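What follows is a set of notes on a single structure, which appears directly below.
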Amino acid sequence: MPGSGEHVDYSIRPAKHVERKMMCEAFRRLSALGPVKDYRYVGLGSFYFADFVLFHKSLGITNMCSIEADPDAAPRCEFNRPFGCIEIREGHSNDELPKLAWDAPTILWLDYDGKLDESKLADVRFFCANAQPGSMLVVTVNAHMPLSSKFSEQRIRQINNKELTRLQGHVSGRVPLDVKARDLTDWGLARVCRRIIDNEIKEWLRDRNASLGEATRLRYKQLLNFHYRDTSRMLTVGGLLYREGQEDAVARCTFEDLDFICGDSERYLIEVPYLTYLERRHLDQRRIAAEVASPDTSGIPKDHADAYGKIYRYFPAFAEVEL
Amino acid sequence: MARRKANPAQPIPLEVKADPTKEFFIEMLTRDIELKHAIVDLVDNCADGARRIRKQQPFDGLHVRIETGTDTFVIKDNCGGISEKLARHYAFCFGRPAGTPSVKHSVGQFGVGMKRALFKLGKRAEIESTSAKFAFRVVIDVDDWQNKPEDWTFEFQDPRRPKKGRLFAKGKWGTRIEVSRLHPSVASEFGLENFGIRLGADIAAAHLYTMEKGLKISLNGNRLKGQPLTLQQSKEIKPAYEEMELEGGKVKVRLYAGVSRSKQPREDPKEAGWYIFCNDRLVLGADKSDVTGWIGGRADVPKYHPQYARFRGYAFFDSDDAGLLPWNTTKTGVDENSKCYRTVQQRMMNLMQPVIGFFNAVKDETDRAEEALKTPLRDALQKAPLKKLAELETGDVFVAPKPDVIRDGPRVGKILYKKPLTEIKRVQKALGVGTYHEAGEKTFEHFLRTECDD
């Protein structure tokens, strides 16, 4: 089966682009725990390697591993490998993660394109049982539900019921008791998936901690809870695994200074407004000269301008170039 | 080491000490039961309370509310409360004393459930109850109680009886148990949402029928719902059903064996197997072991295999005397040595053999699907709707269609090969087709037409 790389150019999806840059900024703050360049990055790079390129160039990470589940894509991945320091492992993440050495802090981005299921939770569990303190886990899953306002109530009920049945079948015994089919509407599925992943992390860390002493016990601090949509609704949830004794160092990371950091069920919605280059430049200039509160006569819709204001530092710039 | 020699002149004492110790109940007995099952045991008491006051009537208006927090555990019901006689002489005894008033069709039998659950949960328990003619509170401080090895009593606090000739208001009848100073491992479990999900599923499965009778059970504010038991039934497929009476007619047994399917799009093998109920309480679910007859062997029921993922069997043991039922004390399995169960186990195997045979035939049919154009067994299996047990039309033996032996048209075979995607796409484009299947068929037809002699 071809992966989503066959259908989507990962490097130019604007919301994904913003997400990647935000994550990069969060990872940079791990320096309070140790040199970020010494981290290992493990991802599911497809053949675009957009995340690998960014994290290598911005963070200096050289210990990199991309897991590619599609055997047909492996030669193409090899061909597109942007840096020699990236090791490509052909196989399913369930099989490949256990083959890696887990003796160094790792940033693991399980950037799936499918919906949450038992196999994805197995990777989460593996990380929780094996990752070193200081490691970051990030999980992206498809949490798509159609826009409810486009359908009749009855049709939405059908869609929700079907999705709840699917979810119950795919993450057997993990759907919280209070979740009803109607709770999955729109971004509801993403909210429920975050809870399921979070519950899994808590349970596996609890079990791992059972035999550890007080100072060596591990904690998980959620940092990311992105909702974004280039085509499908997607959820990215992630956080830091650290030792109880590392709390001061974690505080020095000052993650909370970044306004996209979300430590609980509160999400950060990445909205990328459609703006022309001139409009962006106009908004950027006004931002720098914020004290000049002259009325804006550009005609840019306010919600576009506001959305841009939240993410302008991470806003993608795509241009056609002759190479 | 020198050994002290026995003095042959002294008489040998005959007495052998066999007193129970409190440690046995507090620390040992509790190891034999999972936390979830201990809580289900407490729900059993509520269900028996409902049976006591409603007899055969529906349980509408009765509820059980369970709250699991990291500091306390609370279970509260309005199922009639504990009478003075029951509370004073039986409910707090370790084991079931002879003469314990019985509730017909009860699920409480061994006289250990409540105490074991309380010890399993924590170090302090407070039991409050109001029944028609008696209200009381009992506080158990486990450490204090353990420190008085000879004292096997508890004390009523604030015991009350209504004025002569009166009853306590019906709306107040019920029992509330609060356990605090939870064991760290229990508090840790209660802190996990995943534990609550599993606990909810276990309670819902165990008390499916009690809930169907109208008892509302909620966990942390969420109403629990059970999955009704179903089997597939159509004109072509009929489940097997058998009923019998054992122990001089005191135990009634009903057995169903047939096929079902998961609610999920993909069949979930976890649901396959036998489900055994004693007085409507599930004691063994989705069992695929030799306990329910999957013993393996040429002439018997085989060991479970995923090709039997759609097998479902339901065994109901019912008796007014719960002591005659073949359950273990944790109600998480059957007493295999019980005469009653051994007899029924044979019948279960008899009933399931034709169903197993059917699954084997379905597999054969699937295996030769390359050459057979008809797949009546698979078709029947797909078409037969799910029906609740009460709505089923059954037979003495499992009924299923016969495999297809007459083939329509020429024998066929299947060709399977892999090619690079890019090449397949080129072929698809050249042929103007959208699927790999069509690409394969059209290229074969083209070759046959152009390259093969007639």
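The values are calculated or read from the model by the stated rules, or taken from the named source; none is laboratory data. Keep in mind the model is a prediction, meaning the values are calculated, not measured. Cβ sites come from the backbone with ideal geometry, for glycine too, and all protein chains shown count toward neighbours. Protein only, heavy atoms only, side chains kept; ligands, DNA and RNA dropped before computing areas. Shrake-Rupley method; radii C 1.70, N 1.55, O 1.52, S 1.80 Å.
Which of the residues spanning region B:220-240 are open to solvent by 10 Å² or more (accessible area, probe 1.4 Å), farther than 22 Å from B:Ala205 by Cβ and not in a loop (DSSP other than H, G, I, E, B)?
Once the filter is applied, which keeps residues that are open to solvent by 10 Å² or more (accessible area, probe 1.4 Å), farther than 22 Å from B:Ala205 by Cβ and not in a loop (DSSP other than H, G, I, E, B), region B:220-240 yields only B:Lys238.
How many of the residues in region A:165-178 are under 25 Å from the mean Cα position of the chain (by Cα) and open to solvent by 20 Å² or more (accessible area, probe 1.4 Å)?
7
Would you point out the residue of region A:1-39, among those that are within 14 Å of another protein chain (Cβ to nearest Cβ) and outside any helix (DSSP H, G or I), that is modelled with the lowest pLDDT?
If we take residues in region A:1-39 being within 14 Å of another protein chain (Cβ to nearest Cβ) and outside any helix (DSSP H, G or I), then A:Met1 is modelled with the lowest pLDDT.
In the set B:Ile217, B:Ile203, which member is within 14 Å of chain A (Cβ to nearest Cβ), open to solvent by less than 40 Å² (accessible area, probe 1.4 Å), among the β-branched types (Val, Ile, Thr) and more than 25 Å from B:Leu386 (Cα to Cα)?
B:Ile217
Among all residue pairs at least 6 apart or on different chains, which show Cβ distances below 7 Å where the first residue, located in region B:361-377, is modelled with pLDDT under 75 and open to solvent by less than 90 Å² (accessible area, probe 1.4 Å) and the second is hydroxyl-bearing (Ser, Thr, Tyr) and in a loop (DSSP other than H, G, I, E, B)?
Cβ pairs passing all conditions: B:Ala369/B:Thr375.
Considering each of B:Lys115, B:Lys104 in turn, give the residue that is charged (D, E, K, R), open to solvent by less than 40 Å² (accessible area, probe 1.4 Å) and either in contact (Cβ under 8 Å) with a residue 12 or more places away in the chain or outside any loop (DSSP other than H, G, I, E, B) (or both).
B:Lys115
Identify all residues within region A:157-180 that are within 9 Å of chain B (Cβ to nearest Cβ) and in contact (Cβ under 8 Å) with a residue 24 or more places away in the chain; write none if there are none.
Those that are within 9 Å of chain B (Cβ to nearest Cβ) and in contact (Cβ under 8 Å) with a residue 24 or more places away in the chain: A:Arg166, A:His170, A:Ser172, A:Arg174.
Tell me which of these B:Val344 doesn't satisfy, since it passes every other one: (1) under 19 Å from B:Tyr241 (Cβ atoms); (2) in contact with a helix residue (DSSP H, G or I) (Cβ under 8 Å, 6 or more places away or on another chain); (3) aliphatic (A, V, I, L, M); (4) at pLDDT 90 or above.
(2)
Report yes if B:Gly165 is surrounded by fewer than 19 Cβ atoms within 10 Å (Cβ to Cβ) and either at positive phi or part of a loop (DSSP other than H, G, I, E, B) (or both), otherwise no.
Criteria met by B:Gly165.
Might you check whether a residue that is open to solvent by less than 60 Å² (accessible area, probe 1.4 Å), at pLDDT 90 or above, among the acidic types (Asp, Glu) and touching an Asp or Glu at 6+ places or on another chain (Cβ under 8 Å) occurs anywhere in region B:318-328?
yes
Results for (1) of a type in the set (Ser, Thr, Tyr); (2) in contact (Cβ under 8 Å) with a residue 60 or more places away in the chain; (3) part of a helix (DSSP H, G or I), shown as yes or no for each residue.
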{"site": "A:Pro146", "(1), (2), (3)": "no, no, no"}
{"site": "A:Gln154", "(1), (2), (3)": "no, no, yes"}
{"site": "A:Arg219", "(1), (2), (3)": "no, no, no"}
{"site": "A:Leu224", "(1), (2), (3)": "no, yes, no"}
{"site": "A:Leu235", "(1), (2), (3)": "no, yes, no"}
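Looking only at region B:250-272, decide whether some residue is free of Cβ contacts under 8 Å to residues at least 24 places away in the same chain, in a helix (DSSP H, G or I) and open to solvent by 40 Å² or more (accessible area, probe 1.4 Å).
Yes: region B:250-272 contains one or more residues that are free of Cβ contacts under 8 Å to residues at least 24 places away in the same chain, in a helix (DSSP H, G or I) and open to solvent by 40 Å² or more (accessible area, probe 1.4 Å).
Can you tell me how many residues within region A:186-216 are out of contact with any Cys (no Cβ under 9 Å at 6 or more places or on another chain) and more than 10 Å from chain B (Cβ to nearest Cβ)?
16
Is it the case, given these coordinates, that A:Asp183 is more than 30 Å from A:Ala104 (Cβ to Cβ) and within 14 Å of chain B (Cβ to nearest Cβ)?
yes
So which residues in region B:205-218 are in a helix (DSSP H, G or I) and either at positive phi or β-branched (Val, Ile, Thr) (or both)?
Within region B:205-218, B:Thr210 is the sole residue that qualifies.
State whether one or more residues within region B:285-307 are touching a residue at least 12 places away in the same chain (Cβ under 8 Å) and within 14 Å of chain A (Cβ to nearest Cβ).
Scanning region B:285-307, I find at least one residue that is touching a residue at least 12 places away in the same chain (Cβ under 8 Å) and within 14 Å of chain A (Cβ to nearest Cβ), so the answer is yes.
So, A:Phe47, is that one in a loop (DSSP other than H, G, I, E, B), more than 30 Å from A:Arg243 (Cα to Cα) and in contact (Cβ under 8 Å) with a residue 24 or more places away in the chain or not?
In short, yes.
When both residues are 6+ apart or on different chains and their Cβ atoms are under 6 Å apart, which pairs have a first residue that lies in region B:433-454 and is basic (Lys, Arg), and a second that is open to solvent by less than 90 Å² (accessible area, probe 1.4 Å) and part of a helix (DSSP H, G or I)?
The qualifying pairs are B:Lys442/B:Leu431.
Do we find that A:Ala249 is touching a Phe, Trp or Tyr at 6+ places or on another chain (Cβ under 9 Å) and either surrounded by 11 or more Cβ atoms within 10 Å (Cβ to Cβ) or at pLDDT 90 or above (or both) in this structure?
yes
Which one of B:Asp143, B:Asp151, B:Asp202 is farther than 23 Å from B:Ala47 by Cα, assigned by TED's automatic domain parsing to the domain that holds B:His89 and not in a loop (DSSP other than H, G, I, E, B)?
One residue alone meets the criteria, B:Asp143.
Per-residue answers, yes or no, for (1) buried (at least 17 other Cβ atoms within 10 Å of the Cβ); (2) at pLDDT below 95; (3) β-branched (Val, Ile, Thr); (4) under 14 Å from B:Ala206 (Cβ atoms):
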position	(1), (2), (3), (4)
B:Asp287	yes, no, no, no
B:Ile295	no, yes, yes, no
B:Arg298	no, yes, no, no
B:Lys303	no, yes, no, no
B:Pro306	no, yes, no, no
B:Phe311	yes, no, no, no
B:Tyr314	yes, no, no, no
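Just name the residue that is nearest to B:Ile26 (Cα to Cα) out of those in region B:168-192 that are open to solvent by less than 60 Å² (accessible area, probe 1.4 Å) and within 14 Å of chain A (Cβ to nearest Cβ).
Per the stated criteria, the residue is B:His183.
Within the bounds of region A:101-112, is there any residue that is more than 20 Å from the chain's Cα centre (by Cα) and surrounded by 17 or more Cβ atoms within 10 Å (Cβ to Cβ)?
Scanning region A:101-112 turns up at least one residue that is more than 20 Å from the chain's Cα centre (by Cα) and surrounded by 17 or more Cβ atoms within 10 Å (Cβ to Cβ).
May I ask you to list pairs of residues, at least six apart or on different chains, whose Cβ atoms are under 6 Å apart, with the first in region B:9-38 being surrounded by 10 or more Cβ atoms within 10 Å (Cβ to Cβ) and the second being part of a loop (DSSP other than H, G, I, E, B)?
Every condition considered, the pairs that remain are B:Phe25/B:Phe94; B:Ile33/B:Thr330; B:His37/B:Thr330; B:His37/B:Thr332.
Of the numbered conditions (1) out of contact with any Asp or Glu (no Cβ under 8 Å at 6 or more places or on another chain); (2) touching a residue at least 40 places away in the same chain (Cβ under 8 Å); (3) more than 14 Å from every other protein chain (Cβ to nearest Cβ), B:Arg198 satisfies every one except a single condition; which is it?
The single condition B:Arg198 does not satisfy is (3).
Output the residue which, of all residues in region A:263-279 that are open to solvent by less than 50 Å² (accessible area, probe 1.4 Å) and not aromatic (Phe, Trp, Tyr), is farthest from A:Ala251 (Cα to Cα).
Top of the filtered list is A:Leu275.
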